[in-house]
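*Asks:* Can you read through this structure? Questions will come right after.
The values are calculated or read from the model by the stated rules, or taken from the named source; none is laboratory data. It should be emphasised that the depicted structure is a prediction, and the values quoted were computed from it without experimental measurement. Glycine also receives a Cβ, built like all others from the backbone with ideal geometry; neighbour counts cover every protein chain displayed.
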């Protein structure tokens, strides 16, 4: 029964905080079992990507409905220095950049929210974020295995 709790705990941790807490926890608990480490971390990371991408889309719809109801949406976009910076980052790095830094520097919910905010194709967002999860998982495992 304790094995189930270990796997479930790592799965939930990988769902929300992939590289910050999930992968290090999995490395400690499953140090010699690569297959269990890989399956649990990948399943947790991909599940987190799917759940938080769809949850972010629902949140963004609610925000838009609220702003439309309160007449807070402007017909002509207002460009502030912050908006200009956000547009530069989006154009320079794109979805690939967001997906690359999400497991390392951002959390899965924040990365999915940003990706959903800027890019609307959910399948593409989930694919990029999932590939990034698998890549960083393998990188961490083999770095720890080598040292």
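*Asks:* Is it fair to say residue 29 is at pLDDT 85 or above and either in contact with a helix residue (DSSP H, G or I) (Cβ under 9 Å, 6 or more places away or on another chain) or more than 23 Å from residue 123 (Cβ to Cβ) (or both)?
*Replies:* yes
*Asks:* Continuing with this model, one more query. Before we move on, is residue 11 surrounded by 12 or more Cβ atoms within 10 Å (Cβ to Cβ) and either modelled with pLDDT under 90 or over 22 Å from the mean Cα position of the chain (by Cα) (or both)?
*Replies:* It is false that residue 11 is surrounded by 12 or more Cβ atoms within 10 Å (Cβ to Cβ) and either modelled with pLDDT under 90 or over 22 Å from the mean Cα position of the chain (by Cα) (or both).
*Asks:* A follow-up question, please. Residues in region 28-46 that are part of a helix (DSSP H, G or I), buried (at least 18 other Cβ atoms within 10 Å of the Cβ) and either free of Cβ contacts under 8 Å to residues at least 60 places away in the same chain or more than 18 Å from the chain's Cα centre (by Cα) (or both): how many?
*Replies:* Adding up the residues that qualify gives 3.
*Asks:* With the requirement that a residue be surrounded by fewer than 14 Cβ atoms within 10 Å (Cβ to Cβ) and part of a loop (DSSP other than H, G, I, E, B), what does region 92-147 give you?
*Replies:* Once the filter is applied, which keeps residues that are surrounded by fewer than 14 Cβ atoms within 10 Å (Cβ to Cβ) and part of a loop (DSSP other than H, G, I, E, B), region 92-147 yields 105, 120, 121, 147.
*Asks:* I've got another one for you. Please verify whether residue 85 is exposed (fewer than 10 other Cβ atoms within 10 Å of the Cβ) and out of contact with any strand residue (DSSP E or B) (no Cβ under 6 Å at 6 or more places or on another chain), treating the condition exactly as stated.
*Replies:* It is false that residue 85 is exposed (fewer than 10 other Cβ atoms within 10 Å of the Cβ) and out of contact with any strand residue (DSSP E or B) (no Cβ under 6 Å at 6 or more places or on another chain).
*Asks:* For region 63-82, indicate whether the set of residues that are assigned to a helix (DSSP H, G or I), out of contact with any strand residue (DSSP E or B) (no Cβ under 8 Å at 6 or more places or on another chain), modelled with pLDDT under 85 and over 18 Å from residue 48 (Cα atoms) is non-empty.
*Replies:* Yes, region 63-82 contains a residue that is assigned to a helix (DSSP H, G or I), out of contact with any strand residue (DSSP E or B) (no Cβ under 8 Å at 6 or more places or on another chain), modelled with pLDDT under 85 and over 18 Å from residue 48 (Cα atoms).
*Asks:* For the structure I just gave you, tell me whether residue 4 is at pLDDT 85 or above, over 24 Å from residue 123 (Cβ atoms) and out of contact with any helix residue (DSSP H, G or I) (no Cβ under 9 Å at 6 or more places or on another chain).
*Replies:* Yes, satisfied.
*Asks:* Show the residue pairs meeting these rules: Cβ distance below 7 Å; 6+ apart or different chains; first residue within region 56-82 and in contact (Cβ under 8 Å) with a residue 60 or more places away in the chain; second residue part of a helix (DSSP H, G or I).
*Replies:* These pairs meet every condition: 56/112; 56/113; 56/116; 57/116; 57/122.
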